[in-house]
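Here is the structure we will look at.
Just so you know, all these numbers are worked out from the coordinates, no wet-lab data involved. As the structure is a prediction and not an experimental result, all values here were calculated from the model. A quick note on method: Cβ atoms are made from the backbone with ideal geometry, for glycine too, and the neighbour counts reach across all protein chains shown.
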Amino acid sequence: MTRLSILLLILSLSSYAQKNAIDQIISKEDSIKKTIKLNKNELINQANKIIASKYPDFVFNPLLYEITTWENSKKTIVNYRRIIRFTPYDKKDENLIYDFEVDLISQNVFPFDTWGLDRFYLPTIEEQEKIDFVIKAFGLPRFGFNNKIIENANMYSIYIDNEIAFGKYFIDKTTGKECMGSIEGSYAQPPDLPELLDIDPLIEIKE
């Protein structure tokens with residue numbers, strides 16, 4: 001290969017790299033423009049489209065999630081938090097993932113882009129029937145709290161908590177009646193400590 005050919009090849013590769021970098025910048029700028037002045041529902045629709053585009057085989061029921069939208073000067077986030085977390089008996093030792101979020105600016109979907117879908121929990125038909133049984137028997141979800149169900153051999157353990165209070169309950173897998181009593185309490189208030197100033201906090205978009 002002659003020196004001229006090598007020089008032309010280097011110039012061609014450099015031009016391609018510059019074009020690719022510019023295309024990425026334009027794509028991000030387009031994403032930023034698309035999120036300007038969008039309301040909550042429009043942001044959620046945009047996030048759903050990104051999920052469907054990147055993970056077409058991933059199907060979820062949005063009614064099972066608390067969906068919130070947040071933004072600061074650098075990010076616009078749509079967060080999907082599972083309202084009721086269920087841990088099947090045969091998966092108690094697995095570190096299951098229930099929640100995910102979409103950054104509309106970068107179009108990243110966390111944790112799928114990092115960890116894939118292997119540990120993300122979606123109930124089978126049989127497991128959903130168990131969840132529905134507990135919901136009916138115990139009156140879940142309790143809004144304003146985290147709701148968690150753990151399946152055991154003969155009963156379900158139910159954990160409910162927020163930043164202020166907590167409760168632990170047990171119901172029979174067959175009858176749905178409470179068993180083994182319950183534990184309820186409140187957390188001790190943490191001491192007043194100086195708060196770290198966040199100069200660019202995420203602000204919730206509620207409408």
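Only loop residues by DSSP count here, and only those with at most 12 other Cβ atoms within 10 Å; note down the GluC sites (Glu not before Pro) in segment 148-178 that meet that. Filter output for segment 148-178: Glu163. Pairs of Cα atoms nearer than 8 Å and 6+ residues apart set the relative contact order; for segment 123-191 it is 21 percent. Taking a point 7 Å from the Cα of Ser157 along the Cα-to-Cβ direction, the residues of segment 79-110 with backbone N closer than 19 Å to it are 84-98.
Arg119 to Phe166: extension gain in nm, 0.36 nm per residue of separation minus the Cα-Cα distance? Intermediate results must be reported in sequence, preceding the final value.
Details: separation 47, 0.36 × 47 = 16.92 nm, distance 2.67 nm.
So the extension gain works out to 14.3 nm.
Site pair Glu178 and Lys75 shows an inter-label distance of 3.9 nm when each label is modelled 7 Å from Cα along Cα→Cβ. Taking 30 Å as R0, compute the FRET efficiency from the Cβ-Cβ separation of Ser186 and Ile97 and round it to 0.05. Efficiency at R0 = 30 Å is approximately 0.55.
A simple charge model with +1 on the Cβ of Lys and Arg, -1 on the Cβ of Asp and Glu and nothing else charged puts the dipole of segment 123-191 at about 120 debye relative to its Cα centre.
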